[in-house]
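The values are calculated or read from the model by the stated rules, or taken from the named source; none is laboratory data. Given the structure is predicted, the values throughout are model-derived calculations rather than measurements. Don't worry about glycine lacking a Cβ; one is built from the backbone with ideal geometry, like all the others, and counts go over all protein chains shown. For the accessible areas, the whole protein counts, side chains as well, though only heavy atoms, and no ligand, DNA or RNA atoms are used. Shrake-Rupley method; radii C 1.70, N 1.55, O 1.52, S 1.80 Å.
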Amino acid sequence: MFREFDISQIDISGQVPEEEVLRQRYFMAKCRELIQKKKEALGRDLYIHILTVGCQMNAKDSEKLLGIAREIGYVETDKEDQADLVIYNTCTVRENANQKVYGRLGYLNSLKKHNPELLIGLCGCMVQEPSVVETIQKSYRFVDMVFGTHNIFRLAEILHRRLSGEKTVIDVWKDTDKIVEDLPAERKYSFKSGVNIMFGCNNFCSYCIVPYVRGRERSRNHQDILQEIRELAADGVIEVMLLGQNVNSYGKKYGAYDTKVQEDTDMTFAKLLQEVEKVEGIERIRFMTSHPKDLSDELIHVMKESKKICRHLHLPLQSGSTEILRRMNRHYTKEQYLTLAEKIRREIPDISLTTDIIVGFPGETEEDFRETLDVVRKVQFDSAFTFIYSKRTGTPAATMDNQVPEDVVHDRFDRLLAEVQQIASKMSGRDVGTTQTVLVEGVDEKTEGYLTGRLSNNVMVHFKGEPSLIGTLVPVYLEESRGFYYLGTLQ
Ligand code: 5AD
Ligand code: SF4
């Protein structure tokens with residue numbers, strides 16, 4: 001967690017400190033001096049814009065990047081063409097995301113013609129792929145800084161190298177066991193926040209590139225997590241989302257710290273949730289993502305008893321075929337998933353169950369696909385993200401035989417989507433006619449005078465109200481279901 005420090009007190013005339021946090025503060029102070037000079041020369045502020053794609057982890061990383069940039073002296077802008085520093089935080093889970101990035105980089109280069117000050121930084125998961133770095137070096141030499149997922153906390157140091165005259169700074173680490181605490185982060189919302197509880201993934205699902213680009217699984221110290229949440233609560237945050245690729249395996253392997261020694265503890269994810277529940281001021285607790293193979297009875301019990309843990313569980317299915325699941329390296333069968341879903345619904349009847357499903361994994365037959373449809377019908381997911389299998393070089397699935405023809409995959413995808421949507425619209429209407437607590441998140445951009453907020457089960461609600469309610473929990477009568485959201489009346 002970031003504890004206030006006065007950057008002007010940092011001695012930048014001496015040696016670069018070795019300890020990571022001090023080292024980064026040192027470079028923040030160094031950059032600040034250079035940026036201040038630039039501002040004076042230009043007679044204006046310098047602006048930063050961060051473009052973020054992908055998951056909650058990336059969103060959280062971008063908050064950290066923004067926190068560092070603000071400390072250095074940049075002012076945030078939502079306009080790319082006003083920015084003097086654009087950082088593109090990328091995702092690489094599926095192939096099509098990569099193509100978009102190259103297109104966008106071309107556009108950013110055109111902005112350099114109007115603003116010679118503009119610096120372009122590329123970071124995130126895509127950069128962890130060596131072929132991407134090669135492409136940037138060969139064909140996108142106007143990119144100023146390239147850094148990966150493991151060293152985003154080094155933004156100040158990397159920027160300092162660029163500002164000191166190095167041309168394209170490339171700093172990508174293959175892996176790390178390092179966890180760096182106590183650097184700044186700038187929250188997007190004042191009332192809710194993501195909190196990293198672990199980094200990386202050790203599951204190696206055979207289609208997935210995440211373990212290669214986010215590295216080995218490592219948990220944060222629970223004392224640090226709880227301290228961060230206490231400080232967030234003191235700062236007005238009422239909802240936290242605990243983030244990890246596989247939160248259910250929290251506590252199995254801890255990260256390496258510069259200054260602290262991690263003691264072995266018997267802290268499990270369920271126990272951590274109970275500790276978070278005790279933090280005064282926190283009203284809602286969410287988490288993302290759970291792996292079915294590690295979801296314990298202890299967790300179901302803790303969720304059931306909790307007043308604060310939200311009634312939402314995202315439980316990626318990926319496929320309903322036991323044979324495909326085996327080849328995906330998921331470590332559960334169709335029957336085990338169904339039993340688990342049934343148990344959760346039985347114990348926590350008002351829970352919303354959502355999922356991820358991949359269509360067209362190598363070797364998927366019509367029979368396998370029907371098993372997926374069968375699970376979808378049986379579980380009645382409240383909503384589901386459906387994906388077409390995307391071949392990721394370096395993963396075991398990329399070299400598997402029997403890649404499914406494109407037309408077959410599209411046909412299956414359309415059939416799955418129709419099924420999922422029909423069930424989702426039915427499920428999302430189940431609370432019509434009741435009054436529920438809503439966390440007001442913002443104004444409804446589409447209808448004047450309306451606000452938008454979220455139920456505990458993550459479904460959105462639109463209702464008439466004053467913007468002063470943003471960030472508070474209010475009772476709303478759910479009048480009508482519009483498929484994926486409700487229209488309601490403030491009570
Ligand atoms: N192709 C398609 N979807 C994928 N996902 C992960 N890797 C791939 C891939 N290669 C999906 C999974 C995961 C979600 C975040 O992205 O469903 O749960
Ligand atoms: Fe990828 Fe599987 Fe890890 Fe999720 S659990 S990030 S799908 S390897």
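For segment 162-251, what does the alpha-carbon gyration tensor say about shape, rounded, prolate or oblate, given a ≥ b ≥ c as the root eigenvalues, a/c under 1.5 as rounded, and a/b over b/c as prolate? Numbers along the way, then the final one.
Working: a/c = 2.14, a/b = 1.18, b/c = 1.82.
Taking the square roots of the gyration eigenvalues as a ≥ b ≥ c, segment 162-251 is oblate.
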When the Kirkwood hydrodynamic radius is evaluated over all pairs of different C-alpha atoms of segment 366-475, what value in angstrom, to one decimal, is obtained?
17.2 Å
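Can you pull the Kirkwood radius for segment 87-159, inverse mean 1/r over Cα pairs, to one decimal in Å? Before the final figure, lay out the partial values.
Numbers: mean 1/r = 0.0795 Å⁻¹.
After inverting the mean inverse Cα-Cα distance, the result is 12.6 Å.
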Rotationally averaged projected area of segment 185-343 (alpha carbon convex hull; nm²):
10.1 nm²
Calculate one ³J(HN,Hα) per residue across segment 86-102 by plugging θ = phi - 60° into the Karplus curve 6.51 cos²θ - 1.76 cosθ + 1.60, and present them in order as whole Hz with x for glycine and proline.
10, 10, 9, 9, 9, 10, 9, 4, 10, 4, 4, 4, 4, 4, 4, 4, 4
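With r as the distance between the Cβ atoms of T434 and R216 and R0 = 56 Å, compute the FRET efficiency 1/(1 + (r/R0)^6) and round to 0.05. Write down the numbers at each step before the final one.
Numbers: r = 45 Å, r/R0 = 0.80.
Rounded to the nearest 0.05, the efficiency is 0.80.
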For S206, what residues show an amide H to amide H distance below 5 Å, using hydrogens built from the backbone and excluding near sequence neighbours?
N329
Non-local residues with an amide H under 5 Å from the amide H of F287, with H modelled 1.01 Å from N and Pro and chain starts lacking one, are L242
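Taking Cα pairs under 8 Å and at least six residues apart, what relative contact order does the chain come out at, in percent? Write out the running numbers ahead of the final one.
Working: 940 pairs, mean separation 49.4, N = 491.
Computed over the chain, the figure is 10 percent.
With a Förster radius of 25 Å, plug the Cβ-Cβ distance of K391 and R370 into 1/(1 + (r/R0)^6) and report the FRET value to the nearest 0.05. Don't skip to the end; give the middle numbers.
On the way: r = 23 Å, r/R0 = 0.93.
E between K391 and R370, to the nearest 0.05, is 0.60.
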Using the Karplus curve 6.51 cos²θ - 1.76 cosθ + 1.60 with θ = phi - 60°, what ³J(HN,Hα) values do you get for each residue of segment 36-52, in whole Hz, with x for Gly and Pro?
4, 5, 4, 4, 5, 5, 7, x, 7, 6, 10, 10, 10, 10, 10, 9, 10
Say the cut-off is 21 Å between C-alpha atoms; which of K138/K167; K307/K378; K278/K304 go over it?
K307/K378
Residue-normalised accessible area of the chain, expressed per residue, 1.4 Å probe, Å²
45 Å²
Take the solvent-accessible surface of the protein heavy atoms, probe 1.4 Å, and return the percent of it on the chain that carbon and sulfur atoms account for.
49 percent
Under 20 Å from K464, Cα to Cα: aspartates and glutamates that are on another chain or at least 8 residues apart
D431, E441, D444, E445, E448, E479, E480
